[in-house]
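Student: This is the structure, below, for whatever I ask next.
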2 protein chains.
Amino acid sequence: MPLCPTRLEMVEVTARLCQMLGMPRSAGQIYGLLYLSPHVLGLDEIAESLGISKASASTGTRQLLAWHAVRQVWKQGDRKDYFEAQTDLAEVLRSNYAGFFRPKLENSQRRVGSLLASLESDRKSGAVEREEYQLCKERLESLARLQNRVQKLLPLAENLL
Amino acid sequence: MPLCPTRLEMVEVTARLCQMLGMPRSAGQIYGLLYLSPHVLGLDEIAESLGISKASASTGTRQLLAWHAVRQVWKQGDRKDYFEAQTDLAEVLRSNYAGFFRPKLENSQRRVGSLLASLESDRKSGAVEREEYQLCKERLESLARLQNRVQKLLPLAENLL
DNA sequence: TAATCCGTTCAACGCGGATTGAACAAACTG
DNA sequence: CAGTTTGTTCAATCCGCGTTGAACGGATTA
């Protein structure tokens, strides 16, 4: 049976949202479908409801699983995989922080650190003039300070959500 | 004259950062170049330093201008456009909030509102069963509550940066 | 007016990632 | 064992977006 207009619109909204965030559109469609679904859904139902291939449904659900945005459900005596949405989006963000956002942040801090180091070696090898060296150093250090503030802010925001 | 290794690395870092955020790589390169530049730079200098076309330099700088990430500078008796980086990234975020993030948020709130409205009309037209209607309503309302929390949080984060 | 200089615009190209059908593997069923 | 059911993998394709050279327009100068 076809979806009611509201749910169709929801699918479109989440699809566009995902696209805007640089994530695959199909994952957004699936999440929107599950978010307003009264029942858990199997792979084939998902593919048919959305008019996408079973392959897309498979890869999409696995991505959503990796992001902890959907949960897998098994029914007794049924080999099929069923899925339901993790409707608490704040919880989705929280469970992705440690595994996704935090590593990104730490990486960027390491990179700025290595930039400061390479700046020192540039200075010693004379690859940069004194004035330029000073300016680079100041700006890189200001960048490092911003990163620290962000790293302090993120866990805070996480809790307030 | 060529850039020192540190600045080359900086260009690469900001380029990848921009790419990761779904923004054009060239804009990131330009920002990285300007961020550690002791002088303001003209369009041709930018293009040549980065090995990109003048067209890319033009579109890239205009995007960065729109994001308030660079400033345009004029020299007396010189028709060329010069650019310098807005090095206070927190300020960049702040000046983009009202014109970019806030409208997005408000849009998404309107969309959820219209979803709730269309749900009501679905109910009246009998396009949705009572049970499904209840579930949809609850989840959409929970979504609206999350949006409210986000909208309260963003200005806060803005100030703490 | 002709000749430069600068910046923007635009059609064409290329690249990276999303999507898909088909082949495949694994677990049942008869 | 042959035949289903179900999910995954993979090469091929599609598609959107960034990039570019070339053409253009405006401003300045000779």
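Student: Filter the range B:122-151 down to residues that are within 8 Å of chain A (Cβ to nearest Cβ) and hydroxyl-bearing (Ser, Thr, Tyr), then give me how many there are.
Tutor: 1
Student: Considering only residues of the range B:41-93 that are of a type in the set (Phe, Trp, Tyr) and within 11 Å of DNA strand C (Cβ to nearest atom), which is farthest from the other protein chains (Cβ to nearest Cβ)?
Tutor: B:TRP74
Student: Let me ask another. Any idea which of B:ALA85, B:ALA157, B:ALA90 is open to solvent by less than 30 Å² (accessible area, probe 1.4 Å), of a type outside the set (D, E, K, R), modelled with pLDDT under 90 and farther than 20 Å from A:TYR31 by Cβ? Can you show your working first?
Tutor: Details: B:ALA85 fails: modelled with pLDDT under 90; B:ALA90 fails: modelled with pLDDT under 90.
Result of the check over B:ALA85, B:ALA157, B:ALA90: B:ALA157.
Student: Given A:LEU36, A:LEU43, which one is touching a residue at least 12 places away in the same chain (Cβ under 8 Å), touching a Cys at 6+ places or on another chain (Cβ under 8 Å) and not assigned by TED's automatic domain parsing to the domain that holds A:LEU154?
Tutor: Residue meeting the stated conditions: A:LEU36.
Student: Which number in (1) touching a helix residue (DSSP H, G or I) at 6+ places or on another chain (Cβ under 6 Å); (2) farther than 21 Å from A:ARG149 by Cβ; (3) assigned by TED's automatic domain parsing to the domain that holds B:CYS18; (4) open to solvent by 70 Å² or more (accessible area, probe 1.4 Å) marks the one condition that B:ARG111 misses?
Tutor: Looking at each condition in turn, B:ARG111 falls short on (3).
Student: Look at A:SER95 and say whether it is open to solvent by 40 Å² or more (accessible area, probe 1.4 Å), polar (S, T, N, Q), in the same structural domain as A:SER142 (by TED's automatic domain parsing) and modelled with pLDDT under 95. Please lay out each step first, then the result.
Tutor: Details: open to solvent by 40 Å² or more (accessible area, probe 1.4 Å): yes; polar (S, T, N, Q): yes; in the same structural domain as A:SER142 (by TED's automatic domain parsing): yes; modelled with pLDDT under 95: yes.
Here the answer is yes, as A:SER95 does meet what is asked.
Student: Do any residues in the range B:76-96 that are closer than 20 Å to B:LEU43 by Cβ have Cβ atoms under 6 Å from those of residues that are among the hydrophobic types (A, V, I, L, M, F, W, C) and part of a loop (DSSP other than H, G, I, E, B), where the two are at least six apart or on different chains, and which pairs are they?
Tutor: Close Cβ pairs satisfying both conditions: B:TYR82/B:VAL40; B:GLU84/B:VAL40; B:GLN86/B:ALA69.
Student: Considering only residues that are within 11 Å of chain B (Cβ to nearest Cβ) and of a type in the set (S, T, N, Q), which ones fall in the range A:28-40?
Tutor: Across the range A:28-40, the qualifying residue is only A:SER37.
Student: Something else now. Look at A:TRP67 and say whether it is open to solvent by 60 Å² or more (accessible area, probe 1.4 Å) and more than 19 Å from the chain's Cα centre (by Cα).
Tutor: Here the answer is no, as A:TRP67 does not meet what is asked.
Student: Looking for whichever is modelled with pLDDT of 90 or more and not assigned by TED's automatic domain parsing to the domain that holds A:GLY32 here; the options are A:GLN147, A:GLN72. Which one fits?
Tutor: A:GLN147
Student: Still on this model: Filter the helices (runs of 4 or more DSSP H) completely within the range B:1-101 down to those with at least 2 residues that are within 16 Å of DNA strand D (Cβ to nearest atom) and closer than 24 Å to A:TYR133 by Cα.
Tutor: So the answer is B:5-20, B:25-35, B:43-50.
Student: I would also like to ask the following. What pairs come up if the first residue lies in the range B:4-27 and is under 14 Å from A:ALA127 (Cβ atoms) and more than 9 Å from chain A (Cβ to nearest Cβ), the second is aliphatic (A, V, I, L, M) and within 13 Å of DNA strand C (Cβ to nearest atom), and their beta carbons are under 8 Å apart, counting only those six or more places apart or on different chains?
Tutor: Taking only residues 6 or more apart or on different chains, not a single pair turns up.
The values are calculated or read from the model by the stated rules, or taken from the named source; none is laboratory data. Because the structure is predicted, anything quoted here is derived from the model rather than measured. When we count neighbours, we look across all protein chains shown, and the Cβ atoms used for this are built from the backbone with ideal geometry, even at glycine. Just so you know, the surface numbers come from the protein's heavy atoms only, side chains and all, with ligands and any DNA or RNA stripped out. Shrake-Rupley method; radii C 1.70, N 1.55, O 1.52, S 1.80 Å.
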